[in-house]
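Here is the structure we will look at.
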Amino acid sequence: MGDILFRVQSLSKYYQMGEVTVKALEDVSFEVEKGEFIVILGPSGSGKSTLLNIIGGMDTPTRGSVVFNGEKITNFTDKELTMYRRYKIGFVFQFYNLIATLTARENVELVAEITRSTADIDEIMEAVGLYDRMDHFPSQMSGGEQQRVAIARAVAKNPQILLCDEPTGALDFETGINILKVLKDVNVKYKNTVMVITHNSPIAQMADRVIKMRSGTITEIIKNESPLAPERIVW
Amino acid sequence: MKKLNLRLFRMIKKTKGQYVAVLSIIITGIFIFTAVSNSAVNLRNTLDDYYDATNFADIFVTAAALPERLERELEGHDNIRQADVRLALDAKLITGDEDERVNVRAVSVDSKENKINELFVKKGRRTIKEKEIMVIDQFALARELDVGDEIDLNIRGRKFRFNISAIVSSPEYVYLMENEQTLLPDYEKFGVVFIEEEYLRRISGSGLFNEVVIRVNNQDDLDETKDYLEEYLKRYGVMRVIDRDEQLSNSMLNEEIRGLETVSRSIPVLFLIFAGIMLSVMLSRIIKKDRTSIGVLKAVGFLDGELITHYLKYAATVGILGGLLGAISGTLASGAMTRMYLEFFNIPMLTVQVYYERLFVSVILSTIFCLLSGFWGIRAILRINPAESMRPETPKQGKKIILEDFKLFWNKLTFSWRMVFRNIFREKKKFLLIGAAASISCSLMIMTMWMSETMDVIYVGHYSEFMKMDYNVGFKGFKDEGVLNEIKKYINYEHMEGRVELPFEIENGRHSKIVNVIGLEKNTRFYDFRDKKGNKLSVPAEGILISSNLAKVLKASEGDRIFLKSFIPGREGEYVTVKGVIEQSLGINGYMNIDYINKKFLDKGIINGVFISSDDKIKAKLVNINEIMSTQSREDMQNIFEEFTGLIVAFMGAMVIFSGMLGFVILYAMTLMSINERTLEFSSLRVMGFTKIEIFKMLIKENSVMSVIGILAGIPLGKLLVEYVGLTFNTDIYTFHGSVSTKNIFIAIILTIIFIISAQLMTYVKINRLDFMQALKSRIT
């Protein structure tokens, strides 16, 4: 067994919706090793985004804890959580969420600036296949290109884990596959831990481990002995 | 450049219409503040410098007869540094026109230099000999007199010819008026001339002097010194002891400077408040639009403080840029404005300075103001949760608007009007701001219209309704009522009444004021006295009627006993009862029964002037009656008044532009904001088949509803403003009262509508240029 990057212990998250208590997460526990490619698979409303938000330091649990590299982030203050997100986490969102008024390169440089990262932006842009499109604004790019920028942006700060929320959700099949390839390349090349959450089950085939969720609980954790290359996935 | 700063720069570029709009309001506010307040400071400094250079007197004394040795006697007093006796006489300029009466004040001067109130030579030389004369510049300019010209003066009934040796300015006659009652300067009809002392004494037959001007050592002891002089000079028939603050020209200038200071404090605040609200609304909308971006930035590790700073930089640039541009342009304009004032007042010196500390303060103030307003607009950043911001915002719960409860009204509305009202209620803050802008614009316009008309109303009201005489004739000194019979021989008239006009220092406790009190016949036909409620008052048999501005200065009301200190030598003061407070638009006066004033302060049957109503051209007919000092007709006053409304018209023009600009800019910026925010909505409408014009009409309808409401609210607001201005800007000369006419309200509304329509038309360019299809395609943050 490799080094543990983080440990999720008995994590629960409840929301109060009027008089009804919604259990978004209920007693969830698992561990993630450094360098792993994890897919969290589940239908809509299964709690996977809530889980990702808590792991990413964007939300706090009702109960339970997340220990990251030996530090209990669930006890962090707001500022500590921000610093955690700044230096340790890279996010990739379903709708890319790029800053519209900055070019592709500037979007990447923005995070490099705050993390004082020394990453080579040109190299990263090349790695995501956007070297020639660096000076375009998001509105001048296709969805797939925008998502590559989002990945480059996440990678540029050299995070310890890349959290990807439905990264192919808004893309067509071919573009989706390309994005998955980029994520896999990043995982291999930069040794980043990658956690992808998706409702699209074929994507699970490329993961080292798959965590299946339903109704806020983990139903199954599957170790994939022979992950598929992204280009071989079909949906 | 840091990427967040780059984003800021592009954000400003993208919202340039709104940015420039709010910037222009800040610039205007700071511009008015700097231009007007600097002008006030420049004017004050110039005056101080001028007074210093000319050794302007601290105390002015008028007496019956003063010996030359008095200078030495007075200079022995602890607080009297210098004293200079002089002779001042009223004389007449002899012109070719028999119908014209031009009064001049002939003042004696030392042959080389005055100790006090030295003259400033504009042309010619200061040394003066017999038969030479120096003429004050305003008068020389108006009468086209120049060095080397000869003029004839009638001094004490004899004609003397003088050669003009110099054109000069005097610190004592910067604001050149004959006396307090003249109300406005008339450079053609009144001037001041300076004649060598010995010569003037000789030709006027005056062995003694009648005025002494004094400089003191310590200003703090000024009142004690004045008291001392009044007591000490009793033996010389002291009539009047006034200090520099009360000196006519200086007090008029101070009034003007105070007016500038009031403007510099009030109008810019209004502009800054609107800019602040606008900036706050603009930034809050930007934050709302940037919700997801902010969430992303928080998610990638930006701190709340960093993001707040990022958006505050937007506000700070407005503050710094607006403050700088406003302060610099204001400073430049203040130079020109000061020059204009100095030219207007004929002040021969110019002290225009760049007040770096004021520039700095303007920038700091405007920046702090923008930062505070900006923070108010962006404080919602703190509440944005990164995880939630990634999800589409929950649509606001749809609910009925209050208008829908009024079924009769609502059911009659077409679909598009219902949409208009729903949008207004959905964006309350924005539409309230549009309404407020229309309201303020309209109220400022009302105030401007009122001010320009009120000057006319003041004049017509005063000279047609309050005073009804056609001519006001002043005598040289006091005469027996028999002089009226002589006048009657020369002219055709309808009615004639003798009058007494005397200056008094009126005291009520520690409040005092020097004013002219007019003695009138009991049933005078020449005055229509009304109290505040419009009730008619008649001249009381005993006691005094006082004008409302005098009542305010003295803090006196009906029934109070006030003390009238006479300037007639040998006459003590008397207590009289205030029998009523009357409304008077022009001037500050008291009115008494002529018999009562004579009994108390003069002798029976004595008058020093006469009021006449006549269609006859009496000026020419009276010109040869030697007892007559001045004859002023209603037309004379009308002409002077019209000359002086030029400056007011310029001020009004600027006010109309500023108030219209305020409405224009706010409406323009808010509409642009609406277009930017609702691009998607408008795009959907375009897809459904709406034309650009139809969408534009929808926007116009929304803005029009609020503008109409704003304009309607602007009417009472304008009336309140008028009342405030009336109270604030009242001076000894003008008393603003009277209501706003329907015509003025109508003009104000039309002007406001013109500015609003212009702003709307400007926004059409934006609608026309919007690429609706592109907006639908790219749904990125």
| query | If the Cβ limit is 8 Å and pairs must be 6+ apart or interchain, which residue in the range A:28-53 that is away from chain B (no Cβ under 14 Å) pairs with which residue that is aromatic (Phe, Trp, Tyr) and part of a strand (DSSP E or B)? | reply | A:Glu31/A:Phe6; A:Val32/A:Phe6
| Unmet requirement for B:Gly157, which otherwise passes all of (1) surrounded by 15 or more Cβ atoms within 10 Å (Cβ to Cβ); (2) touching a residue at least 60 places away in the same chain (Cβ under 8 Å) | (1)
| query | Applying the selection to the range A:115-127, what residues are out of contact with any helix residue (DSSP H, G or I) (no Cβ under 8 Å at 6 or more places or on another chain) and assigned to a helix (DSSP H, G or I)? | reply | A:Glu123, A:Glu126
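Yes or no, residue by residue, for (1) closer than 30 Å to B:Ser758 by Cα; (2) without any contact (Cβ under 8 Å) to a residue 24 or more places away in the chain; (3) surrounded by fewer than 21 Cβ atoms within 10 Å (Cβ to Cβ); (4) polar (S, T, N, Q):
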{"residue": "B:Thr448", "(1), (2), (3), (4)": "yes, no, no, yes"}
{"residue": "B:Tyr471", "(1), (2), (3), (4)": "no, no, no, no"}
{"residue": "B:Phe478", "(1), (2), (3), (4)": "no, no, yes, no"}
{"residue": "B:Leu484", "(1), (2), (3), (4)": "no, no, yes, no"}
{"residue": "B:Glu505", "(1), (2), (3), (4)": "no, no, yes, no"}
{"residue": "B:His511", "(1), (2), (3), (4)": "no, no, yes, no"}
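Conditions tested, residue by residue: (1) surrounded by fewer than 19 Cβ atoms within 10 Å (Cβ to Cβ); (2) more than 30 Å from B:Ile286 (Cβ to Cβ).
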{"site": "B:Glu343", "(1), (2)": "yes, yes"}
{"site": "B:Gln353", "(1), (2)": "yes, yes"}
{"site": "B:Glu357", "(1), (2)": "yes, yes"}
{"site": "B:Cys370", "(1), (2)": "no, no"}
{"site": "B:Trp376", "(1), (2)": "yes, no"}
{"site": "B:Ile384", "(1), (2)": "no, no"}
{"site": "B:Ala387", "(1), (2)": "no, no"}
{"site": "B:Ser416", "(1), (2)": "yes, no"}
| task | Only residues that are closer than 24 Å to A:Lys191 by Cβ, buried (at least 24 other Cβ atoms within 10 Å of the Cβ) and at the interface with chain B (Cβ under 8 Å from one of its Cβ atoms): list them for the range A:91-106, please. | result | A:Phe91
| field | Identity of the residue in the range B:293-338, surrounded by fewer than 20 Cβ atoms within 10 Å (Cβ to Cβ), under 29 Å from B:Leu43 (Cβ atoms) and small (Gly, Ala, Ser), that ends up modelled with the highest pLDDT | value | B:Ser329
| On the given criteria, is B:Asp290 surrounded by fewer than 22 Cβ atoms within 10 Å (Cβ to Cβ) and either of a type outside the set (A, V, I, L, M) or closer than 30 Å to B:Ser389 by Cα (or both)? | no
| task | Report those helices (runs of 4 or more DSSP H) wholly inside the range B:270-385 carrying at least 3 residues which are under 30 Å from B:Leu721 (Cα atoms). | result | B:304-345, B:356-378
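Please work out if B:Phe139 is closer than 28 Å to B:Glu343 by Cα and either in contact with a Gly (Cβ under 7 Å, 6 or more places away or on another chain) or surrounded by 20 or more Cβ atoms within 10 Å (Cβ to Cβ) (or both).
Details: closer than 28 Å to B:Glu343 by Cα: yes; either in contact with a Gly (Cβ under 7 Å, 6 or more places away or on another chain) or surrounded by 20 or more Cβ atoms within 10 Å (Cβ to Cβ) (or both): yes.
For B:Phe139, the condition - closer than 28 Å to B:Glu343 by Cα and either in contact with a Gly (Cβ under 7 Å, 6 or more places away or on another chain) or surrounded by 20 or more Cβ atoms within 10 Å (Cβ to Cβ) (or both) - is met.
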| said: Pull out all pairs, ordered by first then second residue, where Cβ-Cβ is under 6 Å, the residues are six or more apart or on different chains, the first lies in the range A:194-215 and is over 20 Å from A:Gly90 (Cα atoms), and the second is assigned to a strand (DSSP E or B) and among the hydroxyl-bearing types (Ser, Thr, Tyr). | reply: A:Lys212/A:Thr219
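Is it true that some residue in the range A:130-148 is at positive phi and within 14 Å of the chain's Cα centre (by Cα)? Before you say what the answer is, go through the steps one by one.
Going through the range A:130-148, the residues at positive phi turn out to be none.
Checked against the condition, which is being at positive phi and within 14 Å of the chain's Cα centre (by Cα), the range A:130-148 yields no hits at all.
Can you tell me how many residues within the range B:290-307 are among the aliphatic types (A, V, I, L, M), facing chain A (nearest Cβ under 7 Å) and under 24 Å from B:Leu371 (Cβ atoms)? Before the answer, list the steps.
Of all residues in the range B:290-307, those among the aliphatic types (A, V, I, L, M) come to B:294, B:296-297, B:299-300, B:303, B:307.
From what is left, the residues that are facing chain A (nearest Cβ under 7 Å) are B:296, B:299-300, B:303.
Imposing the further condition that a residue be under 24 Å from B:Leu371 (Cβ atoms) reduces the set to B:303.
Adding up the residues that qualify gives 1.
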| remark: Counting only residues that are in a loop (DSSP other than H, G, I, E, B), over 28 Å from B:Val61 (Cα atoms) and either in contact with a His (Cβ under 6 Å, 6 or more places away or on another chain) or of a type in the set (Val, Ile, Thr) (or both), the range B:142-178 contains a total of 1
| said: It is to be established whether one or more residues within the range B:109-129 are in contact with a helix residue (DSSP H, G or I) (Cβ under 8 Å, 6 or more places away or on another chain), assigned to a strand (DSSP E or B), modelled with pLDDT of 90 or more and within 16 Å of B:Ser206 (Cβ to Cβ). | reply: yes
| remark: Counting only residues in the range A:54-65 that are touching a Ser or Thr at 6+ places or on another chain (Cβ under 8 Å) and within 14 Å of chain B (Cβ to nearest Cβ), the one surrounded by the fewest Cβ atoms within 10 Å (Cβ to Cβ) is identified as A:Thr60
| Which ones in the range A:116-138 are within 14 Å of another protein chain (Cβ to nearest Cβ), modelled with pLDDT of 85 or more and touching a Lys or Arg at 6+ places or on another chain (Cβ under 7 Å)? | A:Ile121, A:Met134, A:Asp135
| How about the range B:474-521: which of its residues are of a type in the set (Phe, Trp, Tyr) and under 30 Å from B:Lys555 (Cα atoms)? | B:Phe504
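Limited to the range B:539-552, what total is found for residues that are in a loop (DSSP other than H, G, I, E, B) and surrounded by 16 or more Cβ atoms within 10 Å (Cβ to Cβ)?
Restricting attention to the range B:539-552, the residues satisfying the condition of being in a loop (DSSP other than H, G, I, E, B) are B:539-543.
Pick out the ones that are also surrounded by 16 or more Cβ atoms within 10 Å (Cβ to Cβ) and you get B:539-540, B:543.
Total meeting the criteria: 3.
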| said: So in the range A:15-52, with the set limited to residues that are of a type in the set (Ser, Thr, Tyr) and within 19 Å of A:Ile73 (Cβ to Cβ), which one is surrounded by the fewest Cβ atoms within 10 Å (Cβ to Cβ)? | reply: A:Ser29
| remark: Scanning the range B:571-588 residue by residue, those surrounded by fewer than 21 Cβ atoms within 10 Å (Cβ to Cβ), out of contact with any Asp or Glu (no Cβ under 8 Å at 6 or more places or on another chain) and assigned to a strand (DSSP E or B) turn out to be B:Glu574, B:Tyr575
| request: Can you work out which of the residues in the range A:72-90 that are surrounded by fewer than 21 Cβ atoms within 10 Å (Cβ to Cβ) and more than 13 Å from B:Lys298 (Cβ to Cβ) is nearest to the other protein chains (Cβ to nearest Cβ)? | output: A:Tyr87
| query | Would you call B:Val515 surrounded by 21 or more Cβ atoms within 10 Å (Cβ to Cβ), closer than 23 Å to B:Glu246 by Cα and in contact with a Gly (Cβ under 9 Å, 6 or more places away or on another chain)? | reply | yes
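Which residue out of A:Leu102, A:Leu98 is hydrophobic (A, V, I, L, M, F, W, C) and under 19 Å from the mean Cα position of the chain (by Cα)? Please lay out each step first, then the result.
On the way: A:Leu102 fails: under 19 Å from the mean Cα position of the chain (by Cα).
Testing whether each residue is hydrophobic (A, V, I, L, M, F, W, C) and under 19 Å from the mean Cα position of the chain (by Cα) leaves just A:Leu98.
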| task | Could you tell me which of the residues B:Ile562, B:Ile568, B:Ile597, B:Ile607 is in contact (Cβ under 8 Å) with a residue 24 or more places away in the chain, in a loop (DSSP other than H, G, I, E, B) and either more than 33 Å from the chain's Cα centre (by Cα) or more than 29 Å from B:Val483 (Cβ to Cβ) (or both)? | result | B:Ile568
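For (1) closer than 22 Å to A:Gly169 by Cβ; (2) modelled with pLDDT of 90 or more, each residue gets a yes or a no:
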{"residue": "A:Ser10", "(1), (2)": "no, yes"}
{"residue": "A:Lys13", "(1), (2)": "yes, yes"}
{"residue": "A:Val20", "(1), (2)": "no, no"}
{"residue": "A:Leu51", "(1), (2)": "yes, yes"}
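Can you tell me how many residues in the range B:214-230 are within 22 Å of B:Asp52 (Cβ to Cβ) and either in a helix (DSSP H, G or I) or without any contact (Cβ under 8 Å) to a residue 60 or more places away in the chain (or both)? Please lay out each step first, then the result.
Going residue by residue through the range B:214-230, those that are within 22 Å of B:Asp52 (Cβ to Cβ) are B:214-222, B:225-226.
Pick out the ones that are also either in a helix (DSSP H, G or I) or without any contact (Cβ under 8 Å) to a residue 60 or more places away in the chain (or both) and you get B:219-222, B:225-226.
The qualifying residues number 6.
The values are calculated or read from the model by the stated rules, or taken from the named source; none is laboratory data. Because the structure is predicted, anything quoted here is derived from the model rather than measured. Backbone-built Cβ (ideal geometry, glycine too); neighbour counts: all protein chains shown.
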